[in-house]
């Protein structure tokens, strides 16, 4: 047995020696090949406030969202500064892959159903492959569920539909500041009159500034270039705070927008924020990992 053990050790010596020499050679060559580092957490949520953000859900993650919007603060104490009135949207978004998400939702405002598909085809990165920004495409659809939304009009199912498309170009400029621009096009199958065009187009601007590891200031503005009347103060402007609490992202905000999907806040009559006609609201996001590979 001792003889066989000695022979076995003699046979291993060349491999041990080669392994040590190989490690020495790797040390002389220096660190390994540079890797690509993808930028994340430009925003803490797939939404800024109203609009989509450049952020995506991870694969296998379900995002349960409750959006709550109270009444006009300028109504005063009699309406408890808007708290006596409220509308809401409830939604479910799902990460099919890291770069593809789908979602559905339902709003009390106009009893609208909505759905979307969101795809990221370019992600900001540093290192071996440097990409200066992220590019995300979103396409969505809404359906007006009111029994008689326009009295006297024959509102067939197709006339109740609206569609939107947008390209989000965003960049995490620093560890604290992120900015995105998103040109959009909204098409409605039915409008109330000739002054209200079927096609609306414009630009959405979203920004985030990080105050701490868990709190950030967010801003969201939508400029519809051809809506009537073309009053800038009636375009939706929203300001708020993101508060991260583990698996939740809790957002408090003020906005002049009534609706909480793209058709409603882009095309409907919003309040005049220059006159203080704003609403208090909150968005609550809770993520669940449904399969391995998510958060």
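The table below gives the values:
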{"item": "Which label in (i) 74, 56, 42; (ii) 103, 41, 34; (iii) 57, 49, 34 gives the computed Cα extents along the principal axes in Å", "result": "(ii)"}
{"item": "Residues 56, 88, 260, sorted so that the one with the fewest Cβ neighbours within 10 Å comes first", "result": "88, 56, 260"}
{"item": "Crossing angle, helix 2-29 versus the chain [Cα axis fit, 0-90 degrees, rounded to tens]", "result": "50"}
{"item": "Relative contact order %, the chain, counting alpha carbon pairs below 8 Å whose residues are six or more apart", "result": "18"}
{"item": "FRET efficiency, residue 174 to residue 272 (Cβ-Cβ, R0 51 Å, nearest 0.05)", "result": "0.90"}
{"item": "Full-stretch length increase - residue 254, residue 167 - with 0.36 nm per residue and alpha-carbon distance subtracted", "result": "28.8 nm"}
{"item": "Cβ-based exposure ranking for 262, 277, in which fewest neighbours within 10 Å come first", "result": "277, 262"}
{"item": "Under 19 Å from the residue 212 label point (7 Å along Cα→beta-carbon), backbone N, the stretch 244-262", "result": "244-253"}
{"item": "Added length on full extension, which subtracts the Cα-Cα distance from 0.36 nm per residue, residue 225 to residue 147", "result": "25.0 nm"}
{"item": "Förster radius 45 Å - calculated FRET efficiency between residue 40 and residue 158 (Cβ-Cβ, nearest 0.05)", "result": "0.65"}
{"item": "Between the stretch 208-257 and the stretch 259-288, the Cα center-to-center distance that results, in Å", "result": "9"}
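Values in this text are rule-based calculations from the coordinates and carry no lab data. Small disclaimer: the values here were computed from a predicted structure and weren't measured. All Cβ positions, glycine included, derive from the backbone under ideal geometry; neighbour counts span all protein chains shown.
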